[in-house]
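Everything on this sheet refers to the single structure shown next.
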Amino acid sequence: MKVSYYPGCSLHAMGKEYDLSMKAVSRALDIELKEIEDWSCCGASAAHNTNFDLSIALPARNLIAAEKDAMDVMVPCAACFNRFKMAEHHLKADKDLKARIEGALGAKYQGGIAIRNPIDVIYNEIGIDALAAKVVKPMTGLKPVSYYGCLLLRPPNVCQFENYENPFMLDKMMGALGADVKNWSYKTDCCGGSLSVSKTAIVVEMCDKLMAGAKEAGANCVVTACPMCMANLEMRPSPNMKMPVFYFTELISLALGLPDAKDTLKSHLTDPQPLLNQLRLI
Amino acid sequence: METFLEEVNKKIHGVPLQACYHCRKCSAGCPVASHMEYNPNKIIKMIQNGQKDKVLSSSTIWLCLSCETCITRCPNEVDIARMMDVLRQMAIEEGRAAKEANVLKFHEAFLSSIKFGGRVHEMLMTVHYKLKSGDFFSDVDIAPSMFLKGKLALLPPRTKDMKSIKNIFEKTKTK
Ligand code: SF4
Ligand code: SF4
Ligand code: SF4
Ligand code: SF4
C-alpha cells in the first residue's frame, strides 16, 4: 500500500531512530511512504495550550497538503497524531471554526483522507500473521512492556481506537516477534512529557513510577511508539530506575533481520546494546 | 452580564459544565492532581461559583498535562482537558501572570521556533527558553551527549513556504 507520511519535527531530530526504523520497516512490509510536501509543525501542546484556532490551523495546513495526494496519511509521532485527529474532529464538528481556519489558510479542507498511526496500519493492513511469517531472528529473552502513552488513544471519541483503556496491538506485535511480553497496568498512563522541561521534578516522579511498574511486571525493557515518550522515559527516570526503551519499529527491524537494524541503537540516551548483547540478539 | 460559567461553556463549545455531578472520578485519575492547587473537579465548582480570579490565577491550569484521562473517564463526558485549554487561553488574553511562569515560557519559546522556521528546532528552542526563563542550569548534562550522538541538528530545519506560516499566526492572533 501507499500512504502520505508526516514525520513531524521530532522524527527529524531527537526521534530520528523512529524515522529511520519506520522507513526500513515500511520498505520491508511494502508500505510506500510519500512525505507530505513542505510540511510544517503541528503546533504540539504549545499551540493548544495557548491559542485554540492556531492549534487547529497548524495541523490543518498539513492535512490540506496531504489531501492533494488523496491517500491515508500515516503519522508516527503520537503527539502529532493526536493533534491531527483533534483538528479533524473540530473541523468536522464546527462550521464557523472551519470557515475561520480556511480563511487563515487560504485553502479548503475536504476531510476525505484517513489519519492513521503506524501501529494501526501494521496491525490492521499487514496483520500479525504476515508479520510473524517474516521473522528471521526471534526476540527470545526480551521481556518488554508495551507503553502506548496518553495521546495515541485519548480522547477515545477523537482517536477512535478500540480498547483504549487496555490496548493490545503493540503487545500482539511484540509477541509475533518472539518476545515474552509482560502485562502491566500502566499501558496508557501519562509520563508527563509536556512538562518535561518546565516542571522536571514532577516528571521525574511520574517516570520513576512507570519504571517501577515495568520492573515489578518482570520486564527488561519498554516499547513505545512516540518520540516524546522515548525522550522522557530515557532522560527523566532517576539513574537507578532507568531501563532500555525501544521504538516498536526498531524491534521489528531486528527481528526481520533488516540490513541497518543495529544503527539506530547507537544513539539512544539509555544504551540498549548491553541488554541485546547479553541476550545475543545483536 | 455573562457569568464566568457561561463564558467558559461558550468557549468549550461542547458538553456544558453543569453536566458534572461531582463524582470526582476525574480528580482520582488525574496524574498531577496531588501537585495542583485545586483538583480538576474543584475547578468546575469554582467556575460555577463565579470565582474567576482564583481559577485563572491558579497553578492548576498550568500543571494540567493535557493527558485526556479525565474526559476519557467522565461518566458525563465533561471535557476537562478542553476546559483547561480554555482557561489558559483566557488567562493569557487577560494578561494575567501565569502562576507556573516557566510552563508558559516554554510554550512561547516553542511557538517562536515555529514562527521562525515552520518547524521546531530543539536547540534554538532550548536557548530561547533558557533566555526567557533564566533557568540556565537544567539539563546542561544532557545537551552535550545529545550533540555527540547526532541528535541535535546544527542547521535549523525550515518550511519553504514561510508566508503561509506567517499568515496562520497573523490570522489566528487573539489580541
Ligand atoms: S508534535 Fe512535536 S514532532 Fe509533532 S510536529 Fe509538533 S513539534 Fe513537531
Ligand atoms: S510523552 Fe507522555 S504525555 Fe506525551 S504522549 Fe507520550 S505519554 Fe503522553
Ligand atoms: S468525572 Fe465528570 S462528572 Fe465526575 S467530577 Fe469529574 S467532571 Fe464531574
Ligand atoms: S488532562 Fe489535565 S486535568 Fe485531565 S487528567 Fe490530565 S492532567 Fe489531569
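FYI, it's all coordinate maths here, none of it is from the lab. Just so you know, these numbers come straight off a predicted model, no measurement behind them. All Cβ positions, glycine included, derive from the backbone under ideal geometry; neighbour counts span all protein chains shown.
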Q: Using the Karplus curve 6.51 cos²θ - 1.76 cosθ + 1.60 with θ = phi - 60°, work out ³J(HN,Hα) for each residue of segment A:69-83 in order, rounded to whole Hz, and write x for Gly and Pro.
A: 8, 6, 10, 4, 10, 9, 10, x, 6, 4, 5, 5, 3, 4, 5
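Counting Lys and Arg as +1 and Asp and Glu as -1, what is the net charge of the other residues whose Cβ lies under 14 Å from the Cβ of B:THR159?
Local net charge: +3.
When only C-alpha pairs under 8 Å and at least 6 residues apart count, what is the relative contact order of segment A:133-241, in percent? Before the final figure, lay out the partial values.
Values: 149 pairs, mean separation 38.7, N = 109.
For segment A:133-241, the relative contact order is 35 percent.
Pull out the extension gain between B:ARG96 and B:GLN18, defined as 0.36 nm times the separation in residues minus the alpha carbon to alpha carbon distance; nm, one decimal.
Details: separation 78, 0.36 × 78 = 28.08 nm, distance 2.61 nm.
Here the answer is 25.5 nm.
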Q) For chain B, what relative contact order do you get, as a whole percent, if you take Cα pairs closer than 8 Å and at least 6 residues apart? A) 18
Q | Angle in degrees between helix A:200-216 and the longest Cα principal axis of chain A, rounded to the nearest 10 | A | 50
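I'd like the FRET efficiency for A:LYS108 and A:HIS12, computed as 1/(1 + (r/R0)^6) with the beta carbon distance as r and R0 of 22 Å, rounded to 0.05. Could the numbers behind the result be given before it?
Details: r = 28 Å, r/R0 = 1.29.
The pair A:LYS108/A:HIS12 has a calculated efficiency of 0.20.
Just counting partner chain Cβ atoms within 10 Å, what average do the residues of peptide B:117-125 show around their Cβ?
Details: counts 3, 7, 9, 12, 3, 6, 1, 0, 3.
Mean inter-chain Cβ contacts per residue within 10 Å come to 5.
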Q) Assuming R0 = 56 Å, what is the FRET efficiency of A:ARG100 and A:LYS215, from their Cβ-Cβ distance, to the nearest 0.05? A) 0.70
Q: Give the long-range amide H neighbours of A:LYS34: residues separated by 5 or more places, or on another chain, with amide H under 5 Å away, using H modelled in the peptide plane at 1.01 Å from N.
A: A:VAL3, A:SER4, A:TYR5
Q: Kindly express, to the nearest 10 degrees and within the range 0 to 90, the angle between helix A:16-28's C-alpha long axis and the longest C-alpha principal axis of chain A.
A: 90
Q: Starting at the first residue of segment B:122-130, write each ³J(HN,Hα) from the Karplus equation 6.51 cos²θ - 1.76 cosθ + 1.60 with θ = phi - 60°, in whole Hz, x for Gly and Pro.
A: 4, 5, 4, 5, 5, 4, 4, 5, 5
Q | Formal net charge of residues neighbouring A:PRO156 (Cβ-Cβ distance under 13 Å; K, R +1; D, E -1) | A | -2
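Across all directions of projection, what mean area in square nanometres is found for the Cα convex hull of the protein assembly as shown? Write out the running numbers ahead of the final one.
Numbers: hull surface 81.6 nm².
Mean projected area of the Cα convex hull: 20.4 nm².
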Q: Describe numerically, in nm with one decimal, the distance between label points set 7 Å from Cα along Cα→Cβ at B:LEU131 and at A:GLN278.
A: 4.5
Q) When the chain is fully extended, how far beyond the present Cα-Cα distance does B:GLU77 get from B:LYS173, taking 0.36 nm per residue of separation? A) 31.6 nm
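Report, in deg cm²/dmol and to the nearest 500, the calculated mean residue ellipticity at 222 nm for chain B, where each DSSP H run with n ≥ 4 adds -39500 (n - 2.57) and the sum is divided by the residue count.
Working: 11 runs with 97 residues, N = 175.
After summing the helix terms and dividing by the residues of chain B, the value is -15500 deg cm²/dmol.
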Q.
Taking θ = phi - 60°, what integer Hz values does the Karplus form 6.51 cos²θ - 1.76 cosθ + 1.60 yield along segment A:100-115, in sequence order, with x for Gly and Pro?
A. 4, 5, 4, x, 5, 9, x, 7, 8, 9, 8, x, x, 9, 7, 9
**Q.** Local electrostatic count at A:LEU256 - Lys and Arg +1, Asp and Glu -1, tallied over other residues with Cβ under 14 Å
**A.** +2
Q. Around A:ALA114, which amide H atoms from residues at least 5 apart in sequence, or from another chain, sit under 5 Å from its own amide H, with H modelled in the peptide plane?
A. A:ASP72, A:VAL73
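Using 25 Å as the Cα-Cα cut-off, could you pick out the over-long pairs in B:LYS11/B:LYS99; A:LYS95/B:LYS105; B:LYS52/B:LYS166; B:LYS52/B:LYS132? Write out the running numbers ahead of the final one.
Details: B:LYS11/B:LYS99 22 Å; A:LYS95/B:LYS105 32 Å; B:LYS52/B:LYS166 33 Å; B:LYS52/B:LYS132 28 Å.
Where the Cα-Cα span goes over 25 Å, the pairs concerned are A:LYS95/B:LYS105; B:LYS52/B:LYS166; B:LYS52/B:LYS132.
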Q: Return one number: the angle in degrees, 0 to 90 and rounded to the nearest 10, between the long axis of the Cα atoms of helix B:162-171 and the longest principal axis of the Cα atoms of chain B.
A: 30
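Sequence gap at least 6, Cα distance under 8 Å: using those rules, report the relative contact order of chain A to the nearest whole percent.
Values: 478 pairs, mean separation 56.2, N = 282.
After rounding, I find 20 percent.
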